[in-house]
Amino acid sequence: MLITKEEKTFRIITYVLLIFGVVITLLPFLYMISVSFKSQIYTFEYPPRLIPRNPTLENYINALSKDLFGRNFLNSLFVATATTISTVFISALMAYAFSRMQFPGKEVLFYILLLGMMIPPVMLIIPQFIIAKYLHLLNSLWGLIVVYVAVTLSMQTFLLRSFFETIPRELEEAVLVDGGSNWVIFTKVILPLSKPGLSVVAIFTFLYAWDEFPWAHVAIRESSRRTLPVAIALFQNQYLTQWGLVFAATTVASIPVIIVFIIFQRYFIQGFVTTGLRR
Amino acid sequence: MKEKLLIWIAVLIVSVFMGTIFWLSGCAPSAEETAFETSAVQETEAETAEAKESVVEKVAITYWHTMSDAEEVALKKVIEMFEEQYPNIKIEPTRVAYDDFKPALLTGIAGEVVPDTARLDIIWVPEFAEMGALVALDKEMEGFDEIIANTYPGPTSTNFWKGHYYGLPQDTNTQVLVWNKQMFKEAGLSEPPQTIDEFVEYATLLSNPDEEVYGYTMGGTYFWAPAPIFYAMGGEITDPEITTATGYINGEKSVAAYQLLVDMYKDGSLSPYVLGGGGVGAFEGLATSKYAMIIEDPWAYPILKSDYPEFEVNFTLVPKGPDGTTSSVVGGQNVVIFEGSQHKDEAIEWAKFLLSEEAQLTIGETGAIPTLTTVQGNERLPEYYDVFMEQLKTAKARLPHPKWSEIDNVLNNAFQYMLRGEKTVQQALDDAAEEINKLIVEG
Amino acid sequence: MKVGNEILNKSFFKKILKSKGAYFLLLPGMGLFLTFILFPLIYSLRMSFYKWNIVNPGSSEFVGFSNYVKVINDPIFIRAAFNTIVYALMTVPGQILFALMVAILLEQKIRGRTFFRVAFYITVITSWVIVTLVFEYLFSGQAGLVNFVLKDVLHLVNEKIMWLANPILVMIPLNLLGIWKGVGWSAIIFLAALQNIPPELYEAAIIDGAGIWQKITKITLPLIRPTLVFLVVVLTIGAFNVYISGLLMTDGGNPLDLSHFILTLMYKKTFTYLDFGYGSATSYLLAAFIFMISVIQIKLLRRRVEY
């Protein structure tokens, strides 16, 4: 590795900038954690304090001991995991078709798919509700999953297609010369080289399904089948919001999302090294 | 060929997907088809749940509400009492967050999946009634007149729309003056203001804008905030029949009421953060001697008690206006029955039960003021209710009209124009009258 | 290759048969998409031409384009559209610029890389509700940190500024929040895209004596252009759909309905005022506008990829 002087200064600047950036990005999050350890009276004190005086676990105990918190948590986990797996799978198939195959109607279909990203999801809720009712998907976690996959599909397909397009075509030509089919290209070239892209899809789909509120709110009526965001919204009430509780529950709720991220960000590495194609 | 494999996998996914849907749908498609066209066929989750367990003869009545934790505990007790008395009925309560309540109900109505009963904010009842979503209780409920004979007229009036009553007042509230005794003492005052003139005088005396100390503050400019002063000054939004706002909202008394607040704002005795913009919260400011007076609803008591245990909470009636009468604004919620309910008779029993003395007292103990005059002063109710119940005798309901949300917005904007000095009070209210007239005619 | 008649003869149908593999790949996704997105889309499009009766849709009154006319002539909508366009113009470039910077920094061989990555991802997962609250708190008139710094520390202003009560000033925290919240998201995508750039290219460039700036503009940017296209399009869509932060910070358009975004207005009209026609007409105007912009963006940016 050649290390020039410029590279060295660049590295120092890198650290400085990163640390600066991290401070800015982390402050609100730390603030949330800090409030979650404060009792109601200190929630919005002035001047604000990051380190709570008289820190208390009371919010966590109250939030976690709500009858259904555990149940709601598991519901969310199930919905988010199932949504993620289905979306990664389905959108990879679609993205491959859109990026590597020729077929009539390709452009039109692609733009129709994009249309799905553009209409505000809130506007679709009433008709979605009616469809879900006739498919008997109301009040069921499956009803959440199919709608989540449908909603997030456009964007994830678009995203994956853009990743597939950055993969040099020479590799495929080599496969074709060797008599390989589309399937070989897909599984042996595109998928392994797209690990970073697939990871991004997994990370963001999980986050979306984990956080989604409006649909989960109207589609699920029974409290034992509710997901976490809906349960947390109930900590607010018309006259008084217990912010400490909300923040504590949100802090707990963010743990799985962080874990998913840590797992998948490991695949943000040079695809070329892992495929062994260079050997 | 590998491509074949790919195709098979795709087929597999589709069939699994379709299979899942059919498995979930469970029953024959013919049932769905019939349901599609007829709006009369209703389905509630209660039913679905019931169908699975089958054979149980109990009728399930769903009840949606926006209660707090404490109220929910009391509700559980009330349900137990009810089910004991009516062994054939099962109540299934669902708690929904207040801000999301209306969207949830509307989606449900559109999809014909509504609860049997719900506790609605009083301002929503005319809206849902106009839509045709609610049962007219004075037609369907036996003994309706006897029940409302024992309720406060203010809260009950909020159920009335186009000649019928569409709900029963389940709980009520109103706003009264809360004052900081310590600050009054330091300013040499011993008593809270009795009249509006005293109110203005004291507020000026208690203010020190340079130190950001204000005699009076409000939660914002939406109508609920200035309403107590507005009604105490004799203000009116429209005529009693709700046919015109001209001469009412821009009438002499209404203008005087808003003028009073604008003047207080200008001389610094009303906090400038009434505009919005993030001032110290009303409760926090009151307890930490930043604000000397606020006008608030009964929830002030438990909130102040839990957050500022040291603070001495003092309530008094809203100061009397020039006519020598006090007044305030009515809040609260009504219990309603939805047209989509398949068990209206049972739903009616439940609604009636919520208006029984026992139910009212049980929920009343936790902070929601009962609507029955017969329980006023009951020893089971907290002492601080007395002043609120006294205030309720003269408190007025906001316009019970389906367009209220929009009218509220018009009034909110009018108040903002005045405070910002972009329009005079008269001008702002003249314009508001015109806009409100348009809304009333449309509605 | 045969041309002309041959193609016409073999025709569309044959092509379709030949490409059935592609359709099978699309089938599961498209099935879901048609059921849960396209059908609802058409359903609510229908709503926009009616004075919609929610209890009994059959009796809704057909009003043609009058909902659209109403929306376009509504000064509140015009103001909301203006606010939203400004928001998009500020936040999209802002996010992309900072995100690219962060991604390139995170790509370096540094210690604690996972920590830094997680830290930047945190902005993505912190809920909108909570970050909006925090920003509101920072910019609050009486007790906010920003006013404290401006007035008491730097002495730049004499009076506390009422950021949130002023329809123009309130856009500052909203736009900052939009950028702040979005950087992590785009950075992750950039970061993943950077992985597809063969390291040999950089090594070759270093041998040729290229500096860091040149490496970024000559290698990185052209090679990740598809990702860039994706981000520009998606962030623009996202910016036009800004909602929660606006709703909370301006309490639904306060003051004077001047601080609405398109969606906060749409939501208020639909679910508070129950004007479903207005709400869906607004949504379709918005969707049509974004669709146009996206197509232009894709065509413009894509073309340059090919050279």
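The values are calculated or read from the model by the stated rules, or taken from the named source; none is laboratory data. Here the structure is a predicted model, which means the values were calculated and not measured. In this analysis, Cβ positions are derived from the backbone assuming ideal geometry, glycine residues included, and neighbour counts consider all displayed protein chains.
Report yes if some residue within region B:149-156 is over 26 Å from B:PHE230 (Cβ atoms) and outside the structural domain of B:ASN314 (by TED's automatic domain parsing); otherwise report no. Scanning region B:149-156 turns up at least one residue that is over 26 Å from B:PHE230 (Cβ atoms) and outside the structural domain of B:ASN314 (by TED's automatic domain parsing). In region B:246-356, counting only helices (runs of 4 or more DSSP H) that sit wholly within it, the ones holding 3 or more residues that are touching a strand residue (DSSP E or B) at 6+ places or on another chain (Cβ under 8 Å) and at pLDDT 90 or above span B:344-354. Counting only helices (runs of 4 or more DSSP H) that sit wholly inside region B:118-197, those with at least 1 residues that are acidic (Asp, Glu) are B:125-131, B:137-140, B:144-149, B:181-186. Here A:VAL200 fulfils each of the conditions (1) part of a helix (DSSP H, G or I); (2) over 16 Å from the mean Cα position of the chain (by Cα); (3) in contact (Cβ under 8 Å) with a residue 12 or more places away in the chain apart from (2). Restricting region C:112-142 to residues that are touching a helix residue (DSSP H, G or I) at 6+ places or on another chain (Cβ under 8 Å) and of a type in the set (Gly, Ala, Ser) leaves a set whose member that is modelled with the highest pLDDT is C:ALA119. B:ILE337 meets each of the listed conditions (1) farther than 20 Å from B:ILE123 by Cβ; (2) in contact with a helix residue (DSSP H, G or I) (Cβ under 7 Å, 6 or more places away or on another chain); (3) not assigned by TED's automatic domain parsing to the domain that holds B:LEU275 apart from (1). For residues that are away from chain C (no Cβ under 12 Å) and part of a loop (DSSP other than H, G, I, E, B), scanning just region B:208-227, find the one that is nearest to B:SER269 (Cα to Cα). Among those residues, the one meeting the criterion is B:MET218. Scan region B:72-117 for residues that are more than 20 Å from the chain's Cα centre (by Cα), within 11 Å of chain A (Cβ to nearest Cβ) and among the charged types (D, E, K, R) and jot them down. Selection gives B:GLU92, B:GLU112. Within region B:86-113, residues that are closer than 25 Å to B:GLU349 by Cα and free of Cβ contacts under 8 Å to residues at least 40 places away in the same chain have Cβ atoms under 9 Å from residues that are in a helix (DSSP H, G or I) and polar (S, T, N, Q) in these pairs: B:THR94/A:SER223; B:ARG95/A:SER223; B:LYS102/C:THR272; B:LEU106/C:THR270, counting only partners at least 6 apart in sequence or on another chain. Against the list (1) on the phi > 0 side of the Ramachandran plot; (2) not in a loop (DSSP other than H, G, I, E, B), the condition A:ASN139 fails is (2). Per the listing A:THR166, A:THR87, A:THR187, the residue uniquely farther than 30 Å from B:ILE109 by Cα and either touching a residue at least 60 places away in the same chain (Cβ under 8 Å) or aliphatic (A, V, I, L, M) (or both) is A:THR87. Has region B:139-153 got any residue that is among the hydroxyl-bearing types (Ser, Thr, Tyr), in contact with a Leu (Cβ under 9 Å, 6 or more places away or on another chain) and modelled with pLDDT of 90 or more? No; the residues of region B:139-153 include none that is among the hydroxyl-bearing types (Ser, Thr, Tyr), in contact with a Leu (Cβ under 9 Å, 6 or more places away or on another chain) and modelled with pLDDT of 90 or more.
B:ASP138 meets the conditions (1) away from chain A (no Cβ under 14 Å); (2) surrounded by fewer than 18 Cβ atoms within 10 Å (Cβ to Cβ); (3) out of contact with any strand residue (DSSP E or B) (no Cβ under 6 Å at 6 or more places or on another chain) in every case but one. The failed one is (3). Can you name the number of the only condition in (1) farther than 19 Å from C:GLY31 by Cα; (2) of a type in the set (A, V, I, L, M); (3) touching a residue at least 12 places away in the same chain (Cβ under 8 Å); (4) assigned to a helix (DSSP H, G or I) that A:VAL149 fails? Answer for A:VAL149: the failing condition is (1). Filter region C:269-291 for residues that are surrounded by fewer than 20 Cβ atoms within 10 Å (Cβ to Cβ), more than 10 Å from chain A (Cβ to nearest Cβ) and part of a helix (DSSP H, G or I) and give the result. Hits for region C:269-291 are C:THR272, C:LEU285.
Filtering region C:197-210 to residues that are facing chain A (nearest Cβ under 10 Å) and surrounded by 14 or more Cβ atoms within 10 Å (Cβ to Cβ) leaves C:ILE197, C:PRO198, C:ILE206. Among the residues of region C:53-69, just one is touching a Leu at 6+ places or on another chain (Cβ under 9 Å) and within 16 Å of C:TYR273 (Cβ to Cβ), namely C:ILE54. Step by step: first the residues of region C:91-103, then only those that are facing chain A (nearest Cβ under 9 Å) and either among the polar types (S, T, N, Q) or surrounded by fewer than 24 Cβ atoms within 10 Å (Cβ to Cβ) (or both), then the one that is farthest from C:MET171 (Cα to Cα). Which residue is that? Here the residue is C:MET101. Only residues that are at the interface with another protein chain (Cβ under 9 Å from one of its Cβ atoms) and not in a helix (DSSP H, G or I) were counted in region A:161-177, giving 3. Looking across region B:88-120, just one residue is of a type in the set (Ser, Thr, Tyr), crowded, with 21+ Cβ neighbours inside 10 Å and more than 21 Å from C:GLY279 (Cβ to Cβ), and that is B:THR117. Among the residues of region B:203-225, the one identified as under 13 Å from B:ALA432 (Cβ atoms) and surrounded by 23 or more Cβ atoms within 10 Å (Cβ to Cβ) is B:THR221. What's the total number of residues in region B:304-336 that are within 14 Å of another protein chain (Cβ to nearest Cβ) and either more than 22 Å from B:HIS65 (Cβ to Cβ) or surrounded by fewer than 18 Cβ atoms within 10 Å (Cβ to Cβ) (or both)? Counting residues in region B:304-336 that are within 14 Å of another protein chain (Cβ to nearest Cβ) and either more than 22 Å from B:HIS65 (Cβ to Cβ) or surrounded by fewer than 18 Cβ atoms within 10 Å (Cβ to Cβ) (or both) gives 8.
Picking from residues in region C:39-55 that are at the interface with chain A (Cβ under 7 Å from one of its Cβ atoms) and surrounded by fewer than 19 Cβ atoms within 10 Å (Cβ to Cβ), the one that is nearest to C:SER280 (Cα to Cα) is C:TYR43. Here C:ALA204 clears all of (1) modelled with pLDDT under 85; (2) within 18 Å of the chain's Cα centre (by Cα); (3) not hydroxyl-bearing (Ser, Thr, Tyr) except the condition numbered (2). Those residues that are farther than 16 Å from C:VAL229 by Cβ and more than 8 Å from chain A (Cβ to nearest Cβ), I need them from region C:183-196; list them, please. Within region C:183-196, just C:ALA187 meets the criteria.
Restricting attention to region B:62-78, the residues being surrounded by 20 or more Cβ atoms within 10 Å (Cβ to Cβ), of a type in the set (A, V, I, L, M, F, W, C) and either at pLDDT 90 or above or assigned to a helix (DSSP H, G or I) (or both) number 4.
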